[in-house]
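For reference, the structure is listed below as structure tokens.
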Number of protein chains: 2
Amino acid sequence: MPKLKNDRLIRALQRKPVDMTPVWIMRQAGRYLPEYRKTREQAGSFVKLCQTPELACEVTLQPLRRFPLDAAILFSDILTIPDAMGLGLSVVEKQGPRFEKVIRSQDDLNKLGVPDPEAELGYVMDAVRIIKQELDGKVPLIGFAGSPWTIATYMIEGASSKEFSHAKGMIYQDPKTLHGLLDLLARSISEYLKAQISAGVNVVMVFDSWGGALSDASYPEFSLQYMQQIVNEVKQSSEAKDIPVILFTKGGGMWLDQIANVGCDAVGLDWGVNIGYARRKIGDRVALQGNLDTAVLYSNPERIREEVGNVLHAYGHGDGHVFNLGHGIHPEIDPENVAALVDAVHELSVDYH
Amino acid sequence: MPKLKNDRLIRALQRKPVDMTPVWIMRQAGRYLPEYRKTREQAGSFVKLCQTPELACEVTLQPLRRFPLDAAILFSDILTIPDAMGLGLSVVEKQGPRFEKVIRSQDDLNKLGVPDPEAELGYVMDAVRIIKQELDGKVPLIGFAGSPWTIATYMIEGASSKEFSHAKGMIYQDPKTLHGLLDLLARSISEYLKAQISAGVNVVMVFDSWGGALSDASYPEFSLQYMQQIVNEVKQSSEAKDIPVILFTKGGGMWLDQIANVGCDAVGLDWGVNIGYARRKIGDRVALQGNLDTAVLYSNPERIREEVGNVLHAYGHGDGHVFNLGHGIHPEIDPENVAALVDAVHELSVDYH
């Protein structure tokens, strides 16, 4: 592996001094870029795009050609694992993912096993290897997975959901089966992330997109516990133990203290949390990633600069901050405004280091 | 007005002693009841059901015939006000509301005025009067409105939304127009709630369903400020000043302290907040309403009883608690389980008073 030419992200995640705050953007490889839409069309479908390593590499690198971002993030999907388990994933434009099969009973669960990452998700590992080669140490590569709870919601509902009636119903109707599914997912995700690390990713992030739908009592038992299992597994591997792990629960602002206690290196914040408050609460234990409101990017470079300044100011002086949005970028955003964002972070953050 | 035979709700909202914890359920008049679906069909459309006082009265009373609830809540919709402003509301089953016109500029806004509640929303006031007559003081009647921000999202987007691109974009692109719209809505909602109070409601609640989509910095400026304006207006009216006001921001667990400071009598909690934590934080200033996870109702009476016990225990001994779900009941819930919930609250809460 070539030494990283830009290691700001790694240093910030380790809470070490940096010259300026590193920045990357959730869904930075995505529909707001015309070149992405072209490659996506060429692939024929979203799933095919994820499954073709050369095309996944191409879209991963596209935002880095435009913007001086401090990290690349593997282009993939959080639902590769249940797809590898045989659930039959398809993604319909503007409707989201669909599975052919759903998991709602112990019988359904009994048919599933832990996928072998190299054998059954080899296209992801191949993508990581190609991207690493192309990056040639320019910036770190972030690998990722969905959280057990978040992936489970799709496996149980069979599609995106607003209320999670089946998945949340299972908490109270059949917690044993749900725990079995979550444990299977935690083991599968651990193997998957360790394989991504073997293939070359420098950081891993777990996206708990739907943890915020859980009750205060259910969150630690049905989501956080299984993210902790993943952190433990990764940190016990000699190859993976030094790789920073970021946990991000959207809507998890009430639970920062619990999240910071599971052994992760960094906590992702959505825009509902004041990042200064979060730093005072957990900044002694973890780095923080976030948390500009995505909607700021609908405005103009001047306004974007002002709001970037507000987030930097709220975090304050010192290390341990990775700049990002509070959630993914939207397809309607003008790439020029993303350029303004990245430049503003780099320029304005110098004074804080 | 007849004296209330059951005033537990009012007393709990005033943090006065009660014999047992009062309970009502968000969307208690709704699709989970077969008799509701029948009346809804008879009306022809959801909007017609809201606009026909006799039918709105009928569905308001339906859950009270089944369960010993401690309150009725007016059957209506949060979008009656923009409909009265001329935006042309329709509600498509399973797709949600749609407006013919959207508000995205100062020009659009200039065409709108504050609706006269009796003249333009008379069907709501008529419904209140009929319901009050039918209730004959059995339990209090709760009136309600959407929050300015929540109603504004529909007026700007033209429909339900996941990302609120236009509404949230306006925060950063054209805050002046957005503030103008929010102020117009706050004035309209104040008049509307005062008219509901004149017509006979005993409590009013403001539903800020989408406040949780705002950033930590935007929430006080674009949502809470305008709810405060409404509280002030209601409390300044000699007729309305003793009517308890409940504010409910879904996803607002990070902002409890701010919400409790605007002069409302009670704060509604979703299930993401521990109600014991909320009580320690703001229970010296306001009553609390909530916050059972709706998904508990997918289980069975025994499990429901256990979870009701957990919420009561988390709140603890003493007054100031109104039991409710953390958000609305789902259409798939078995009414038998609602009966179990209501009974469990009454039976188990006696020990806490």
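The values are calculated or read from the model by the stated rules, or taken from the named source; none is laboratory data. What you see is a predicted model; the values in this text were computed from it and never measured. Counting neighbours? That spans all protein chains shown, and the Cβs are built from the backbone with ideal geometry, glycine included.
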Qualifying positions in segment B:321-330 - within 9 Å of another protein chain (Cβ to nearest Cβ) and of a type in the set (Gly, Ala, Ser): B:326
Only one of B:247, B:256, B:185, B:269 that is within 11 Å of residue B:149 (Cα to Cα) and in contact with a helix residue (DSSP H, G or I) (Cβ under 6 Å, 6 or more places away or on another chain): B:185
Residue within segment B:255-263 that is touching a residue at least 24 places away in the same chain (Cβ under 8 Å), within 11 Å of chain A (Cβ to nearest Cβ) and farther than 30 Å from residue B:94 by Cβ present: yes
For residue B:277: the one exception among (1) closer than 21 Å to residue B:16 by Cα; (2) part of a helix (DSSP H, G or I); (3) in contact (Cβ under 8 Å) with a residue 40 or more places away in the chain: (3)
Qualifying position, being farther than 15 Å from residue B:215 by Cα, in contact with a Ser or Thr (Cβ under 9 Å, 6 or more places away or on another chain) and aliphatic (A, V, I, L, M), among A:345, A:286: A:345
Where residue A:177 falls short, out of the listed (1) surrounded by fewer than 21 Cβ atoms within 10 Å (Cβ to Cβ); (2) in a helix (DSSP H, G or I); (3) within 13 Å of chain B (Cβ to nearest Cβ): (3)
Residue pairs meeting the criteria (Cβ under 9 Å; at least 6 apart or on separate chains; first at the interface with chain B (Cβ under 8 Å from one of its Cβ atoms) and surrounded by fewer than 24 Cβ atoms within 10 Å (Cβ to Cβ), in segment A:206-230; second of a type in the set (S, T, N, Q) and assigned to a helix (DSSP H, G or I)): A:217/B:310
Close pairs from segment B:173-194: first at pLDDT 95 or above, partner polar (S, T, N, Q), Cβ under 6 Å, at least 6 apart: B:173/A:299; B:177/B:106; B:186/B:229; B:194/B:237
Every residue from segment A:280-297 that is under 21 Å from residue A:23 (Cα atoms) and within 13 Å of chain B (Cβ to nearest Cβ): A:290, A:291, A:292, A:293, A:294, A:295, A:296, A:297
Elements of type helices (runs of 4 or more DSSP H) in segment A:89-161, at least 1 residues being under 21 Å from the mean Cα position of the chain (by Cα): A:117-120, A:122-135, A:148-157
Meets criteria (outside any strand (DSSP E or B), at negative phi, surrounded by fewer than 21 Cβ atoms within 10 Å (Cβ to Cβ) and at the interface with chain B (Cβ under 10 Å from one of its Cβ atoms)) for residue A:310: yes
Condition check for residue A:171: in a helix (DSSP H, G or I) and within 20 Å of residue A:75 (Cβ to Cβ): no
Filter result for residue B:193 (away from every other protein chain (no Cβ under 14 Å), out of contact with any strand residue (DSSP E or B) (no Cβ under 8 Å at 6 or more places or on another chain), hydrophobic (A, V, I, L, M, F, W, C) and in a helix (DSSP H, G or I)): no
Within segment B:232-242, tally of residues that are surrounded by fewer than 22 Cβ atoms within 10 Å (Cβ to Cβ) and either within 11 Å of chain A (Cβ to nearest Cβ) or among the aliphatic types (A, V, I, L, M) (or both): 1
Residues satisfying the stated conditions in segment B:298-325, i.e. within 25 Å of residue B:206 (Cβ to Cβ) and either more than 19 Å from the chain's Cα centre (by Cα) or without any contact (Cβ under 8 Å) to a residue 60 or more places away in the chain (or both): B:311, B:314, B:315, B:319
Any hit, segment B:206-226, residues being assigned to a loop (DSSP other than H, G, I, E, B) and within 28 Å of residue B:139 (Cβ to Cβ): yes
Criterion violated by residue A:333 - all others in (1) in contact (Cβ under 8 Å) with a residue 60 or more places away in the chain; (2) within 8 Å of chain B (Cβ to nearest Cβ); (3) of a type in the set (Val, Ile, Thr) satisfied: (2)
Residue list for segment A:332-353, filter: under 19 Å from residue B:171 (Cβ atoms) and either surrounded by fewer than 16 Cβ atoms within 10 Å (Cβ to Cβ) or at pLDDT below 95 (or both): A:332, A:334
